[in-house]
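Here's the structure, in structure tokens; my notes come after.
Laboratory data are not the source of any read-out in this text; all were calculated from the coordinates shown. Note that the structure is a prediction, hence the values are computed from the model and not measured. Here Cβ is always computed from backbone atoms with ideal geometry, including for glycine, and neighbour counts include all displayed protein chains.
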């Protein structure tokens, strides 16, 4: 039964033995509101291959994974299983069909044993419908043997490292006879040895005939583990090709390759005094010995992989988290540890990573959200002046071209981009000297993105010191005067604008030597 | 109130039809309606009581009913602030009992009442400090901590006084707790309550401290990132709540002229019922003091009515319990229904790409 996959001209080459791909996407598109997350994407996964999925943040990788896993249904196009069209109505359907997803940080039942976690909901039964613990134990042990790892099935899941948890998840997938294993950035939180062990497991599975879809920002890993790679950019399919014969540069070019000029209006500014000085800042187990300066008029980007410790540094500098050693100075004044209040009055502002949890009180109105950072300034006698609060909010709403209906509307009715503007207004209204902005344009549309970039550029020109954390490489390269790169909790590189390229930043961030 | 400016960009792409047209007082419209609902219920109970139970609407009875509410009402003020900040203090009635026991013992030992009262209030503050430190320093849930101290402080009350009852307090203080402000039918504790209620209302709804409480309750992390001293504020609230409870213990003791370790047993439930009935969300971040006052009065009038009609205390307790449950369930039902209606709301259209 050799059915040609739906789109006969599917990206890459003939299957090794003429069999159809185990799992394929044919011309799949998916939109969320106005955002086109996937555009006509095709992908073939063959038995026995490790296939990498490459692309920047926001390129559509997660949407693709979730489509394969039955979380999303494509708007157009088809999912093919063994060459036959299927419709996954739910993740359970996809699981049933042998598709398993291993997430970066699996969720386990901490108080159950490893074996119980593997067989949760499908425990082998003995007479009288009792759970057959011995059979469960034996089968778990068998699975671990097949994977070639030493884990005790009776060990409680609590206290397992993330790497071990992933192995338990893989064992669980095998116990369901999964034929397709999708691994969404499994190595982001693993150490070097753990990565090696995971790769050995994946190689073993591949040899046993599984298809593996592997997502990683570390290019070296793609070259080490995978036979083929599919690249996405802005929701569109760019290429599917064998890894052999590609270079790092080729792959990065496929992932990026776009005109940066319009989206990144960078002004020439005059660099002034040091406004923020961080000295040998350490938070044990999170980041170590981080030192840098940001001067007035400068935009300094803090780049690195997710989990490298960038946001954690920002949190500590602003005082939300404690630090164990080191100093933070704003305009030459040393900040006490763990006091956002002191940081604010010294002239520091932090636009946090998670708008919905940290940036805004979602149920509260626009004016209240903007006013909350200026409660002292809004006081008339002992009480808050509503008029002053409204004026402040209106002022910033106009300056930031916020699109809103009423200032008393809850911020949760605004679009992501407008919510981000409220957060910016909330912080800029404190008239800071140093603005730390974590993922300034995550999840907002292209138009607003350009507006935010123009604003940052203008702020720097007005003499603000800006520290921008971003996982969006084009944004980093387009906006920053200097790029600091963190890797695994350490500052590993400082690259001036002239020498900052995709390659140089990526290389530093991944600890690569290429 | 000044008219709102229309969108600076001219587009009204983020309309929320459900919220439009509601009074703009800062509080979400749904809660405003809930406040009104409780107020309306209060009026209905009052009318029903006047018609159905002779003597209910008399000045004497109402004055008594209000006086009887004094401690609950006082504690409810502090409790409102705690619940708005998404915390709760279940130990208040035990602090009241401990305070009562201390008043009794010290009076029995020959102390002057002028020394006893401040001392007892300080002990209350210390009780609150213990609650607050356990919650803020160790990060324990306040529900669990204060269940623990509920037992602990009540136990201490028995250690202090055993199962004795001390009576015979000096007349001038005892009468302060029951007598009316001269020329009015308002008992002193009620007058005190009115004063404190006004202060609490202003603090909660018009000051930066109040704003901070709502922000903490609605989204603690966002409050922390906005430079609000979340832990310090919570600590203050716990100290305040126990201090008020200890003071209420003094009032209680003098009003009944009897100091006992089991004074005010179970009072915390009435307080929390009143707060929740008043429309304060148990998850924090929402509510008005006006609603809570209506809730306190509603519970007080209902209890008074039941008493007048010789309904047993068991039934009274059942009524309080039912009210508590209804007041927790109803806003949630309303929210669910609201969401159902809101579902087909327009998705904000994207802004056009900038040139």
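Just to be sure I understand: of the beta bridges DSSP finds with both ends in the protein assembly as shown, what percent are antiparallel, rounded to 5?
Details: 48 of 84 bridges.
The antiparallel fraction comes to roughly 55 percent.
Here the calculated FRET efficiency for residue B:199 and residue B:59, from their Cβ-Cβ distance with R0 = 30 Å, stands at 0.65, rounded to the nearest 0.05.
With only the Cα atoms considered, segment A:354-431 has a convex hull volume of 82 Å³ per residue.
Quick one: if you take sqrt(5λ) for each eigenvalue of the C-alpha gyration tensor of chain A, what semi-axes come out, biggest first, whole angstrom?
Values: eigenvalues 385, 137, 115 Å².
They are 44, 26, 24 Å, listed largest first.
Peptide B:201-214 has a mean of 4 when you count, residue by residue, the C-beta atoms of other protein chains within 10 Å of its C-beta.
For the options B:100, B:53, B:241, a Gaussian network treatment of chain B with springs between C-alpha atoms closer than 10 Å singles out B:53 as fluctuating the most.
Cα gyration tensor of segment B:75-264, axes a ≥ b ≥ c as square roots of the eigenvalues: rounded (a/c below 1.5), prolate (a/b > b/c) or oblate? Here segment B:75-264 falls in the oblate category.
Highest-first packing order for the peptide set A:166-173, A:87-94 is A:166-173, A:87-94, based on the mean count of other beta carbon atoms within 10 Å.
Can you give the Rg to Rh ratio of the protein assembly as shown, both from alpha-carbon atoms, with Rh computed by the Kirkwood formula? Before the final figure, lay out each step's value.
Details: Rg = 32.2 Å, Rh = 31.1 Å.
Reported Rg/Rh (Cα atoms, Kirkwood Rh): 1.04.
Once the Cα atoms of helix A:386-399 and of chain A are each reduced to a long axis, what angle between those two axes, in degrees from 0 to 90 to the nearest 10, is obtained? With rounding to tens, the tilt is 70 degrees.
Once you sort the root eigenvalues of the Cα gyration tensor of segment A:231-330 as a ≥ b ≥ c, which label holds: rounded (a/c under 1.5), prolate (a/b larger than b/c) or oblate (the other case)? Because a/c hits 1.5 or more and a/b fails to exceed b/c, segment A:231-330 counts as oblate. Compute a Gaussian network model of chain B, connecting alpha carbons closer than 10 Å, and tell me which residue from B:249, B:49, B:139 fluctuates the most. Result: B:139 has the largest fluctuation of those listed. Model label points for residue A:125 and residue A:282, set 7 angstrom from Cα along the Cα-to-Cβ axis, are 5.7 nm apart.
Between residue B:47 and residue B:109, the C-beta separation translates, for a Förster distance of 41 Å, into a calculated FRET efficiency of about 0.25. For segment A:354-431, averaging the sequence separation of C-alpha pairs within contact (under 8 Å, six or more residues apart) and dividing by the residue count gives a relative contact order of 45 percent.
Sorted ascending by nearby beta carbons within 10 Å, beginning with the fewest, B:312, A:408 become B:312, A:408.
Sort B:265, A:344, A:506, A:479 by Cβ crowding within 10 Å, fewest neighbours at the top. Present the calculation step by step, with values, prior to reporting the outcome.
Numbers: B:265 14, A:344 20, A:506 24, A:479 28.
Exposure proxy ranking, most exposed first: B:265, A:344, A:506, A:479.
Extending 7 Å from the Cα toward the beta-carbon at both residue B:258 and residue A:203 defines two label points whose distance is 8.4 nm. Remark: relative contact order (segment B:75-264) = 46 percent; criterion is Cα-Cα distance under 8 angstrom and separation of 6 or more residues. Would you please state which residues of segment A:321-359 a label at residue A:293 would reach in this model, taking the label point 7 Å out along Cα→Cβ and a backbone N cut-off of under 12 Å? Taking a point 7 Å out along Cα→Cβ of residue A:293, the residues of segment A:321-359 whose backbone N falls under 12 Å are A:331-332.
Shielding by partners for peptide A:423-429, expressed as the average number of C-beta atoms from other protein chains within 10 Å of each residue's C-beta, is 1. Comparing B:232, B:255, B:303 in a Gaussian network model of chain B where C-alpha atoms under 10 Å apart are linked, the largest mean-square fluctuation is found at B:232.
Within 10 Å of the Cβ of each residue in A:369-375, the mean number of Cβ atoms contributed by other protein chains is 5. For chain B, relative contact order (Cα pairs under 8 Å, six or more residues apart, normalised by length) works out to 31 percent.
Model label sites at residue B:309 and residue A:331, defined 7 Å from Cα along the beta-carbon direction, differ in position by 6.8 nm.
If you plug the beta carbon distance of residue A:75 and residue A:19 into 1/(1 + (r/R0)^6) with R0 = 35 Å, you get a FRET efficiency near 0.75. Classify segment A:153-194 from the C-alpha gyration tensor, please: rounded if a/c falls under 1.5, else prolate or oblate depending on whether a/b exceeds b/c. Taking the square roots of the gyration eigenvalues as a ≥ b ≥ c, segment A:153-194 is oblate.
Return the percentage of antiparallel bridges among DSSP beta bridges fully within chain A, rounded to the nearest 5 %. Please report the intermediate quantities before stating the final value.
Details: 45 of 81 bridges.
Bridges in chain A are about 55 percent antiparallel.
Its DSSP H runs of at least 4 residues, each contributing -39,500 (n - 2.57), put the calculated 222 nm mean residue ellipticity of the protein assembly as shown at -15000 deg cm²/dmol, to the nearest 500.
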